[in-house]
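This report refers to the structure that appears directly beneath it.
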Ligand code: 2P0
């Protein structure tokens with residue numbers, strides 16, 4: 001790798017993960033990374049990924065490749081190649097004189113990566129914002145969302161603050177309500193383990209699609225859950241929304257459990273939290289859990305119930321990292337063109 005690159009531009013972006021209330025699981029089109037199910041999500045203010053991007057011009061004839069470092073570790077090129085191909089296509093169209101360039105990105109998060117806390121959502125959202133800013137492009141949110149989706153479908157949702165939806169087969173997410181829509185809405189993120197998962201969501205989704213006998217039922221049902229959830233969210237009605245949230249994650253896992261070989265992201269601690277929530281509801285609290293592709297559990301509740309839920313969690317569980325989140329804002333970005 002040459003040291004003679006001229007720096008064209010740099011940018012830094014921060015973005016938050018997008019936590020699904022109604023889950024995306026399965027792809028309608030693998031090449032374009034289009035989701036098979038609709039998803040409804042909230043952006044989390046309490047978890048952040050920061051990504052620095054440098055765009056350089058290689059010297060003539062030099063063979064170069066884009067590089068992404070996560071917490072200082074160089075990532076596999078093939079995971080990022082479709083994203084960078086999409087970014088180059090866009091740059092060629094919007095900045096025809098730009099010529100050849102290479103991207104170096106350095107990213108880190110204040111929460112564990114690849115452990116079921118949606119680090120790919122915040123990661124590709126921040127990467128999309130930083131890459132476009134570093135070449136001097138200002139894109140509407142929907143185009144940024146389409147770019148982020150090439151990297152990771154959930155990242156399409158992280159381009160917006162507040163509540164977002166990504167429809168089945170859609171190339172971009174849209175905003176449903178901004179981050180101030182439901183001021184009392186809280187998300188309690190419970191981190192049970194830090195280790196990365198041993199099966200990526202991408203592989204797990206594909207296995208589910210190919211050999212879970214419940215896959216089609218999952219797809220059909222998620223459309224129904226989605227429309228009901230949008231209505232409940234519109235009415236800021238957690239008692240109506242909660243059971244739909246629960247149906248979505250449990251039906252997603254039921255479909256995974258039925259794959260061959262089965263996919264099981266749960267740990268004993270995950271089930272203990274699920275049962276804890278059930279007891280809390282019996283005691284009159286509106287608290288609803290969800291899980292993603294990892295052992296962590298996240299709870300949805302209202303602000304007034306947070307102290308009681310937190311105290312009970314601390315009383316019943318050891319070694320639980322508890323974060324209280326609100327609906328977060330869209331990514332921030334700052335860019336500078338050098339030449
Ligand atoms: C979601 N998850 O809706 C669902 C629920 C995990 C469970 O989106 O293949 O990293 O990069 O598009 O977005 C995790 O999958 O998958 C995910 P790709 P992604 O949040």
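The values are calculated or read from the model by the stated rules, or taken from the named source; none is laboratory data. This is a predicted model, so every value here is computed, not measured. Methodologically, a virtual Cβ is constructed for each residue, glycine included, from the backbone with ideal geometry; neighbour enumeration extends over all protein chains shown.
Of the conditions (1) away from the ligand (no atom under 13 Å from the Cβ); (2) more than 22 Å from residue 56 (Cα to Cα); (3) surrounded by fewer than 24 Cβ atoms within 10 Å (Cβ to Cβ), residue 139 clears all except one; give me its number.
Condition (2) is where residue 139 drops out.
Please verify whether residue 79 is more than 18 Å from the chain's Cα centre (by Cα) and assigned to a helix (DSSP H, G or I), treating the condition exactly as stated.
No.
For segment 1-25, what are the residues that are at pLDDT 95 or above and more than 10 Å from the ligand (Cβ to nearest atom)?
Those that are at pLDDT 95 or above and more than 10 Å from the ligand (Cβ to nearest atom): 9, 10, 11, 12, 13, 14, 15, 16.
So which of 184, 191 ends up being touching a strand residue (DSSP E or B) at 6+ places or on another chain (Cβ under 7 Å) and at pLDDT below 95?
191
I want to confirm something. Restricting to segment 36-46 and keeping residues that are within 16 Å of the ligand (Cβ to nearest atom) and closer than 22 Å to residue 178 by Cα, which single residue is farthest from the chain's Cα centre (by Cα)?
So, considering only residues that are within 16 Å of the ligand (Cβ to nearest atom) and closer than 22 Å to residue 178 by Cα, the one farthest from the chain's Cα centre (by Cα) is 38.
Six or more apart or on different chains, Cβ atoms under 6 Å: show the pairs whose first residue is in segment 113-126 and more than 7 Å from residue 17 (Cβ to Cβ) and whose second is assigned to a helix (DSSP H, G or I).
As it stands, the answer is 113/119; 124/148; 124/151; 124/155; 125/148; 125/155; 125/158, since those pairs meet every condition given.
Return the total of residues in segment 49-69 being crowded, with 17+ Cβ neighbours inside 10 Å, within 14 Å of residue 103 (Cα to Cα) and under 19 Å from the mean Cα position of the chain (by Cα).
3
Please give the helices (runs of 4 or more DSSP H) falling wholly within segment 110-201 in which 2 or more residues are under 15 Å from the mean Cα position of the chain (by Cα) and closer than 18 Å to residue 88 by Cα.
In segment 110-201, the matching helices (runs of 4 or more DSSP H) lie at 119-134, 141-151.
Identify, please: which residue in segment 181-209 is free of Cβ contacts under 8 Å to residues at least 40 places away in the same chain and more than 29 Å from residue 317 (Cα to Cα) and is, among those, farthest from the ligand (Cβ to nearest atom)?
Checking each candidate, the answer is 203.
What tally of residues in segment 47-71 results from selecting those that are part of a loop (DSSP other than H, G, I, E, B) and either within 16 Å of the ligand (Cβ to nearest atom) or at pLDDT below 95 (or both)?
Total satisfying the criteria: 10.
Between a first residue in segment 133-157 that is on the phi > 0 side of the Ramachandran plot and a second residue that is modelled with pLDDT under 95 and more than 13 Å from the ligand (Cβ to nearest atom), which pairs have beta carbons less than 8 Å apart while being 6 or more apart in sequence or on different chains?
Every condition considered, the pairs that remain are 136/95; 136/335; 136/337.
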